[in-house]
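Below you'll find the structure, written out as structure tokens, and then a few comments.
Nothing in this text is a laboratory measurement; each read-out follows from the coordinates by a stated rule. Everything numeric here is computed off the predicted structure, so don't read it as measured data. Heads up, the Cβs are rebuilt from the backbone with ideal geometry, glycines too, and the neighbour counts pull from every protein chain shown.
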């Protein structure tokens with residue numbers, strides 16, 4: 001049964017904490033999953049969270065709770081705990097990748113102090129190795145806990161080796177086959193190991209078609225590779241092919257979610273990776289740059305309009321449709337840009353399909369432009385006294401939709417080519433740009449058609 005955090009539950013828990021009823025609080029913790037405890041901590045102050053945390057008797061659960069906390073809460077929480085508690089109650093019971101994440105969130109001087117208090121020297125060494133990788137690479141995601149067998153072993157020896165290693169691994173997704181130099185050769189399934197006849201060799205039953213990533217590969221690319229081939233774990237190798245560790249599915253999903261959130265924020269005009277719990281200053285700093293870009297863009301738009309002051313004064317009805325033209329251009333541009341950004345993110349747009357994509361967007365823009373401008377023409381034909389205005393607004397709307405769609409397609413492709421995150425092409429950038437160009441197109445067409453008709 002899943003847990004749902006309610007106000008009543010939280011009020012009751014805070015009352016228990018205030019009364020220092022250790023037994024009741026410990027019983028509540030015992031019945032909850034680690035992820036639910038971590039969710040609850042977000043609604044407690046530091047001292048309340050610390051009090052509850054130290055009552056968790058199951059050390060593996062305590063370690064899992066720490067791993068489930070978001071970065072800000074975890075950093076805040078660790079500041080209140082002594083180094084020996086962090087080492088003995090958390091790190092000693094965590095997988096190496098989670099432990100490395102926790103250590104990485106500490107100041108440099110505390111990292112060394114906590115590492116020195118870890119009793120398991122091998123685990124401390126694994127953590128140090130993982131800390132050497134950038135957190136946004138496959139090496140920064142991987143854990144050292146893996147099951148391996150030697151390609152030269154027979155099945156009986158391989159099963160014996162697996163039994164020795166299994167205590168260190170929570171979930172066995174793949175058994176990796178290596179040679180005497182730790183070079184990754186392939187995988188072998190537990191089913192084949194158990195069903196193979198006595199005396200069979202690993203080299204006779206293993207699968208040499210293995211998908212792996214190098215330690216310096218971008219985490220996002222590793223996640224996309226896993227998604228493409230439906231892999232629950234990815235082996236990580238060094239430059240010469242030696243097996244270093246594995247990235248499990250939960251970490252890959254975290255990367256996918258974080259990248260999706262990052263792209264969504266950038267598309268919304270937020271320039272930094274932020275959480276709702278961040279400080280007011282950090283949230284302001286993340287939002288303000290694109291607001292300023294929009295402000296400058298609209299100032300430019302007002303200057304563009306001032307250049308057509310005489311034309312607007314002569315044909316005041318043109319002003320009535322300015323919001324419509326700007327909105328339709330912005331919407332069309334954002335739609336095209338969003339589709340292209342999505343395609344670039346999941347790898348579905350390659351060099352071979354770029355021109356096909358542009359042709360498709362042109363076709364879509366033409367169809368949408370014809371339909372929208374035809375509907376607007378029909379409306380103005382019956383409700384407007386000026387045929388020149390009817391033609392002008394319809395022609396301008398068609399032109400703006402086509403232009404905005406092409407602009408929304410080209411910009412993210414160009415940014416991607418320049419190694420700039422194309423997500424910044426959507427939202428405020430496209431909308432502001434299309435406002436400016438849309439106004440120019442609208443007023444230019446109006447000037448030409450009103451002088452002819």
A student applying the Cα gyration tensor rule (rounded when a/c is under 1.5; otherwise prolate if a/b is larger than b/c, oblate if not) would label the stretch 106-211 prolate
How much length is gained if the chain between residue 229 and residue 379 is pulled fully straight, taking 0.36 nm per residue apart and subtracting their Cα-Cα distance, in nm to one decimal? 48.9 nm
Please give, to one decimal in nm, the separation of the simple spin-label points placed at residue 23 and residue 363, each 7 Å out from Cα toward the Cβ. 7.4 nm
Using a simple spin-label model with points 7 Å from Cα along the Cα→Cβ vector, what separation in nm is obtained for residue 453 and residue 216? 6.2 nm
Calculate how steeply helix 219-229 sits against the longest principal axis of the alpha-carbon atoms of the chain, using the helix alpha-carbon long axis, and give the answer as 0 to 90 degrees to the nearest 10. 90 degrees
From the helices alone, meaning DSSP H stretches of at least four residues, give me the mean residue ellipticity at 222 nm for the chain, per-run term -39500 (n - 2.57), in deg cm²/dmol to the nearest 500. -20000 deg cm²/dmol
Pop a pseudo-label 7 angstrom from the Cα along the beta-carbon direction at both residue 414 and residue 200 and give the gap in nm to one decimal. 5.9 nm
With 0.36 nm assigned to each residue of separation and the Cα-Cα distance removed, residue 296 to residue 116 gains 59.4 nm
Using 1/(1 + (r/R0)^6) with R0 = 45 angstrom and r between the beta carbons of residue 152 and residue 48, what's the FRET efficiency to the nearest 0.05? 0.20
The chain, relative contact order in percent, only Cα pairs under 8 angstrom and at least six apart counted: 11 percent
Given a Förster radius of 41 Å and the C-beta distance between residue 33 and residue 242 as r, what FRET efficiency does 1/(1 + (r/R0)^6) yield to the nearest 0.05? 0.65
What is the order of 232, 155, fewest Cβ neighbours within 10 Å to most? 232, 155
Compute the helix-to-body angle for 249-267: its Cα long axis versus the longest principal axis of the chain, expressed 0 to 90° and rounded to tens. 20 degrees
Between residue 85 and residue 160, what's the calculated FRET efficiency when r is the beta-carbon distance and R0 is 45 Å? Round to 0.05. 0.75
Angle in degrees between helix 428-452 and the longest Cα principal axis of the chain, rounded to the nearest 10: 20 degrees
Global geometry of the stretch 7-141, whether rounded, prolate or oblate, following the gyration tensor of its Cα atoms and the 1.5 cut on a/c: prolate
